[in-house]
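First up is the structure itself, then whatever we jot down about it.
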Amino acid sequence: MAAKDVAPAVTLGNGHGGGMVPVVTPPPPSNGHRRAIMAPAVTLSSGHRMPAVGLGVWRMEDTAVRGLIHAAIRNGYRHFDCAAKYQNEAEVGDALAEAFQTGLVKREDLFITTKLWNSDHGHVTEACKDSLKKLKLDYLDLYLVHFPVATRHTEIGSLASVIGEDGVLDIDTTVSLEATWHAMEDLVNMGLVRSIGISNYGVFLARDCLAYAKIKPAVNQIEMHLRVKNPDRNRSRNRAGFFSCHCQKHGMCVTAHTPLGGSTANAKLFGSLSCLDDPVIKELAEKYGKTPAQLVLRWGLQKNTVVIPKTSKVERLQENLELFDFDISDEDMQEIKAIDRNHRSNQPAKFWGIDVYS
Ligand SMILES: NC(=O)c1ccc[n+]([C@@H]2O[C@H](COP(=O)([O-])OP(=O)(O)OC[C@H]3O[C@@H](n4cnc5c(N)ncnc54)[C@H](OP(=O)(O)O)[C@@H]3O)[C@@H](O)[C@H]2O)c1
């Protein structure tokens with residue numbers, strides 16, 4: 001189905017960009033046990049459905065992965081966001097295999113994303129098969145081009161970000177993004193992947209991809225939280241302000257990576273500000289009887305994005321899924337708008353010597 005034929009991919013908001021909230025948290029069962037919360041799913045341009053809340057697995061301790069994945073499934077998570085670069089696909093794969101074997105969940109009820117690393121753009125099929133092998137899966141629900149940049153290939157699975165003598169990422173100028181995309185399309189035709197998408201593509205690269213794609217990207221996964229890329233912010237103050245609406249208009253679902261602004265993890269790694277400490281957010285969270293994280297994630301849903309918060313704390317898994325029993329009012333959405341600082345929290349330029357978002 002052509003992207004232009006589909007309605008905006010996500011319809012979760014309460015009028016702040018379309019749609020309505022389709023899910024109410026079910027009441028607890030009479031036996032007193034807590035019922036798992038199931039996030040609603042959005043229909044992608046591929047026709048497949050992706051749960052609106054997923055668990056990101058970047059920077060999870062290898063030894064904690066199994067416990068977290070199993071606890072997440074028990075809490076109702078059905079969507080996991082992985083990447084070859086996170087170097088824990090094998091651990092995630094072991095956890096998933098055990099979950100299927102023990103009947104905790106069925107494969108068809110999960111949505112598993114992983115991503116092609118920069119150094120493997122010229123080797124898409126081998127990279128995808130390597131990820132499938134590590135994840136112990138026959139197919140992926142979604143495979144994303146992690147960044148719109150091809151770097152010098154080392155070997156499959158080595159996942160290097162080779163830096164040249166000039167201190168800048170060693171970019172391979174012989175592999176075009178178009179060639180990479182057509183190789184991604186082949187994966188769908190081979191039955192290895194159900195949906196394909198892009199990540200960290202800006203407006204021009206995304207537009208270009210739509211032009212050359214035979215299979216349109218179903219998803220653009222970009223950094224989005226209330227300190228960056230507020231999608232309906234005044235255009236003159238934030239060039240990227242309309243970007244997520246633009247993606248949705250062209251049938252691409254926007255997945256918000258770093259939906260909590262990376263919190264303390266990115267404060268440590270990149271020196272970023274954590275939006276969870278913002279006094280406006282704290283005050284509003286209190287008003288709704290929610291935590292700052294829940295308010296920030298609910299904001300993401302009301303902006304019609306899919307959110308994939310990461311936590312390594314079992315007790316936060318449930319908190320990050322309890323997003324469907326409240327609505328942020330129009331007035332408060334306006335108040336939140338004012339705290340956009342156009343501040344990107346994930347800053348790979350710090351290590352790559354080049355700003356891939358420029
Ligand atoms: N496509 C890309 O280029 C890209 C880039 C970045 C991220 N991602 C994906 O997006 C996912 C999420 O991004 P991220 O992990 O960088 O950042 P994030 O989810 O925005 O924030 C994670 C941080 O928030 C903390 N946190 C989680 N739940 C919390 C809560 N309820 N209250 C307070 N703090 C909480 C976590 O600490 P604890 O672990 O201690 O709870 C961690 O420090 C990643 O795991 C990855 O799957 C993709």
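What order do you get for 294-301, 273-280 when each peptide is scored by the mean count of other beta carbon atoms within 10 Å, highest first?
Ranked by mean Cβ neighbours within 10 Å, highest first: 294-301, 273-280.
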Exercise. Residue 337 to residue 178: FRET efficiency via 1/(1 + (r/R0)^6), r the Cβ-Cβ distance, R0 25 Å, to the nearest 0.05?
Worked result: 0.10
Exercise. Given the Cα-Cα distance of residue 61 and residue 126 and 0.36 nm per residue of separation, how much length would full extension add, in nm?
Worked result: 20.8 nm
Exercise. What full-extension length gain, to one decimal in nm, is calculated for residue 330 and residue 163 as 0.36 nm per residue of separation minus the Cα-Cα distance?
Worked result: 55.5 nm
Seminar exercise, completed: On the formula 1/(1 + (r/R0)^6), with r taken between the Cβ atoms of residue 312 and residue 90 and R0 of 25 Å, the FRET efficiency rounded to 0.05 is 0.90
Problem set entry | Relative packing of peptides 246-258, 41-53 - highest average C-beta neighbours within 10 Å first | 246-258, 41-53
Exercise. Sorted from fewest to most neighbouring beta carbons within 10 Å, what does the list 69, 336 look like?
Worked result: 336, 69
Exercise. Per 5 Å bin, what is the whole-percent P(r) computed from every C-alpha pair distance within the range 80-177?
Worked result: 2, 13, 23, 22, 14, 10, 7, 4, 2, 1, 0
Exercise. What lysines could a cross-link reach from residue 282, if we take a straight Cα to Cα line under 18 Å and drop same-chain neighbours fewer than 8 places away?
Worked result: 290, 337
For this session: Mind listing the long-range amide H neighbours of residue 306? Cut-off is under 5 Å, sequence gap 5 or more, other chains count too, H placed in the peptide plane at 1.01 Å from N.
Result: 254, 255, 256
Seminar exercise, completed: Computed D for the range 122-220, Stokes-Einstein, Kirkwood radius over alpha-carbon pairs, 4 °C, 1.567 mPa s, to the nearest µm² per second, is 91
Exercise. Relative to the Cα centre, what is the charge dipole magnitude of the range 275-326, using +1 at the beta carbon of each Lys and Arg, -1 at the beta carbon of each Asp and Glu, and rounding to the nearest 20 debye?
Worked result: 160
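Bear in mind these aren't lab numbers, they're just calculated from the coordinates by the rules spelled out. Just so it is clear, the model here is predicted, and its values are computed rather than measured. Please note: Cβ atoms are built from the backbone with ideal geometry, for glycine as well, and neighbour counts cover all protein chains shown.
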